[in-house]
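Undergrad: Handing you this structure, nothing more for now.
The values are calculated or read from the model by the stated rules, or taken from the named source; none is laboratory data. Given the structure is predicted, the values throughout are model-derived calculations rather than measurements. Glycine also receives a Cβ, built like all others from the backbone with ideal geometry; neighbour counts cover every protein chain displayed.
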Amino acid sequence: MRIGVLALQGAFIEHQRAVESLGEECIQVRTRSDLFGLDGLILPGGESTVQGRLLSEQSLTQVLRGEIEGGMPVFGTCAGLILLSKRISNDENVYLGTMSVTVRRNAYGRQLGSFRVTSDMGAIKDFPMVFIRAPYIERVEGEAAALATVDGHIVAARERNMLATSFHPELAPDLRVHGYFLDMVRGRI
Amino acid sequence: MQNERYELNKNLAQMLKGGVIMDVTTPEQARIAEEAGACAVMALERIPADIRAAGGVARMSDPKMIKGIQEAVSIPVMAKCRIGHIAEARILEAIDIDFIDESEVLSPADDKYHIDKTRFSVPFVCGARDLGEALRRIAEGAAMIRTKGEPGTGDVVQAVRHMRAMNSEIARVTSMREDELFEEAKRLAVPVELLRSVHENGKLPVVNFAAGGVATPADAALMMMLGAEGVFVGSGIFKSGDPAKRARAIVRAVTHFSDAKYLAELSEDLGEAMVGINEEEIKTLMAERGK
């Protein structure tokens, strides 16, 4: 199995290490040609404005949107969640816009509002969730369903082939959320 | 709790990787920077080239000016305090700044001690010319390191020198026997635990950016090729002929630093670069401040 991680900006190496620790190949994606032959793609944390702009210039936006709509499994964390969402309540931009969720950017405020909490994501119990200037999901619609909630806000959701978290599983030493995504790629869940 | 805060602060620096942090002096410049794809902005009253030209004592910026920039953009906003100026740092923390740069670009407030950054909730970035300096700043609580370069000159030679010095020392520490680390820690004047972390991981325990003298997309790409995890650009953008275009080009050069063909395209037709001063023409070497 060959997983790609979007490597335009942000914490992509952390995801690459997590996937490799689970015994799968992971490559960095910067251009359209890097997308060839991927079984799944991770959209990492970083600055969504930066990643969004770099995506559009490499005309990666349309190609990626097509792949995701065509069923390629994708996993977005933090900025990646923002790229996937159809609506951003406090920002007029839409990037890939494939997932039926409404997110709020910087929903917990600036860096002094960043935090860590241990909580459940479905069957994954007591996962260490790290939130860095994080967004949360205000609303899920259509086939999108909430997978985890912290303090009344949705922080993880899934819609068919799309998984997204507002926290950073790549910053935790715990590989269960990445394992969940790889199971999605394998078509098991 | 304090330890957890430090981890979160190092994590924020991880999110900035592969990005460009730009010096801005007005909300308008901040918007240009964000539009061009900056991953954060550094709010300051005067950019380093002007600080250098004006001379005199350079201090923390007016909090009102910083707040104006915080309101103008959604990306993280950083600001500088003087080396050792605990009160300036507390003021910046009080206005909810995302990152404080305890910076040699401003006039040092303390010629002996840096701020004990472990006492703060807000993250700090500090300059370092070599491994010893980097690990001393990290021991004091810095969540991110950058080269010192020579700010405001448009001359990349010092940033290159610092990055190379850091890399070759890290390589040397990595190849040492474990029982040699104690003596090396003594020589570098750093805690042995931090040195052990470098020995085991072959890198600093925090993110390491390049800073100082970056003026062109090629400069930015060079620093990435030498192992920087991202780039600060100070005077290079808003002292140039077409800031928006140059800012855009530098952001793209950092992402695609190994694609020479694309770098060539990015380097075309950028207008006038900042004039720059050569290292040997300068009277005040800011990198010499705070060791």
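Undergrad: Being under 17 Å from the mean Cα position of the chain (by Cα), within 14 Å of chain B (Cβ to nearest Cβ) and in a loop (DSSP other than H, G, I, E, B) is the filter here, so list the residues in the range A:9-38 that pass it.
TA: Result: A:Gln9, A:Gly10, A:Ala11, A:Arg30.
Undergrad: Residues of the range B:218-259 being within 14 Å of chain A (Cβ to nearest Cβ) and more than 17 Å from the chain's Cα centre (by Cα), which ones?
TA: B:Ala244, B:Lys245, B:Arg248, B:Ala249, B:Arg252, B:Ala253, B:Thr255, B:His256, B:Phe257, B:Ser258, B:Asp259
Undergrad: Select, from A:Leu41, A:Leu64, the only residue that is more than 9 Å from chain B (Cβ to nearest Cβ), in a strand (DSSP E or B) and either buried (at least 21 other Cβ atoms within 10 Å of the Cβ) or touching an Asp or Glu at 6+ places or on another chain (Cβ under 9 Å) (or both).
TA: Among A:Leu41, A:Leu64, only A:Leu41 is more than 9 Å from chain B (Cβ to nearest Cβ), in a strand (DSSP E or B) and either buried (at least 21 other Cβ atoms within 10 Å of the Cβ) or touching an Asp or Glu at 6+ places or on another chain (Cβ under 9 Å) (or both).
Undergrad: Need pairs with beta-carbon distance below 9 Å; first residue within 10 Å of B:Met60 (Cα to Cα) and touching a residue at least 60 places away in the same chain (Cβ under 8 Å) and within the range B:71-98, second of a type outside the set (Val, Ile, Thr) and buried (at least 23 other Cβ atoms within 10 Å of the Cβ); sequence gap 6+ or separate chains.
TA: Between residues of the range B:71-98 that are within 10 Å of B:Met60 (Cα to Cα) and touching a residue at least 60 places away in the same chain (Cβ under 8 Å) and residues that are of a type outside the set (Val, Ile, Thr) and buried (at least 23 other Cβ atoms within 10 Å of the Cβ), there is no close pair.
Undergrad: I would also like to ask the following. If you scan the range A:95-132, which residues turn out to be more than 15 Å from the chain's Cα centre (by Cα) and either surrounded by 19 or more Cβ atoms within 10 Å (Cβ to Cβ) or not in a strand (DSSP E or B) (or both)? Let's see the steps before the verdict.
TA: If we filter the range A:95-132 for residues that are more than 15 Å from the chain's Cα centre (by Cα), which is where we start, we get A:106-120, A:122-128.
Answer for the range A:95-132, where residues must be more than 15 Å from the chain's Cα centre (by Cα) and either surrounded by 19 or more Cβ atoms within 10 Å (Cβ to Cβ) or not in a strand (DSSP E or B) (or both): A:Asn106, A:Ala107, A:Tyr108, A:Gly109, A:Arg110, A:Gln111, A:Leu112, A:Gly113, A:Ser114, A:Gly122, A:Ala123, A:Phe127.
Undergrad: Quick one: would you say B:Asp110 is farther than 26 Å from A:Leu112 by Cα, in a loop (DSSP other than H, G, I, E, B) and modelled with pLDDT of 95 or more?
TA: Against the criterion (farther than 26 Å from A:Leu112 by Cα, in a loop (DSSP other than H, G, I, E, B) and modelled with pLDDT of 95 or more), B:Asp110 qualifies.
Undergrad: Another one. Does the range B:251-273 hold any residues that are part of a helix (DSSP H, G or I) and within 12 Å of B:Ala220 (Cα to Cα), and which are they? Outline the logic, then answer.
TA: Quick first cut of the range B:251-273, residues part of a helix (DSSP H, G or I) only: B:251-255, B:260-267.
Residues satisfying the conditions are B:Val251, B:Arg252, B:Ala253, B:Val254, B:Thr255, B:Leu263, B:Leu266, B:Ser267.
Undergrad: Taking B:Ala38, is it over 28 Å from B:Thr118 (Cβ atoms), within 12 Å of another protein chain (Cβ to nearest Cβ) and in contact (Cβ under 8 Å) with a residue 60 or more places away in the chain?
TA: Yes.
Undergrad: So is B:Glu102 out of contact with any helix residue (DSSP H, G or I) (no Cβ under 6 Å at 6 or more places or on another chain) and at pLDDT 95 or above or not?
TA: So B:Glu102 passes the test.
Undergrad: Checking B:Met78 against (1) over 30 Å from B:Asn278 (Cα atoms); (2) within 14 Å of chain A (Cβ to nearest Cβ): exactly one of these is not met. Which one?
TA: For B:Met78, the exception is condition (1).
Undergrad: Within the range A:44-57, take every residue that is closer than 17 Å to A:Arg110 by Cα and among the polar types (S, T, N, Q) and give me the one that is farthest from the other protein chains (Cβ to nearest Cβ). Before you say what the answer is, go through the steps one by one.
TA: Within the range A:44-57, the subset closer than 17 Å to A:Arg110 by Cα is A:45-49.
From the residues that got through so far, the ones that are among the polar types (S, T, N, Q) too are A:48-49.
Working: A:Ser48: 9, A:Thr49: 6 Å.
Taking the candidates together, the pick is A:Ser48.
Undergrad: Let me ask something else. So, of the residues in the range B:1-14 that are touching a residue at least 24 places away in the same chain (Cβ under 8 Å) and out of contact with any Ser or Thr (no Cβ under 9 Å at 6 or more places or on another chain), which turns out to be nearest to the other protein chains (Cβ to nearest Cβ)?
TA: In this case the residue turns out to be B:Gln14.
Undergrad: Same structure again: Could you pull out the residue among B:Ile138, B:Ile115, B:Ile170 that is under 16 Å from the mean Cα position of the chain (by Cα) and modelled with pLDDT of 95 or more?
TA: Among B:Ile138, B:Ile115, B:Ile170, only B:Ile138 is under 16 Å from the mean Cα position of the chain (by Cα) and modelled with pLDDT of 95 or more.
Undergrad: Given the conditions (1) of a type outside the set (A, V, I, L, M); (2) crowded, with 24+ Cβ neighbours inside 10 Å; (3) in contact (Cβ under 8 Å) with a residue 40 or more places away in the chain; (4) touching a strand residue (DSSP E or B) at 6+ places or on another chain (Cβ under 6 Å), and given that A:Cys78 satisfies all but one, which numbered condition is not satisfied?
TA: (4)
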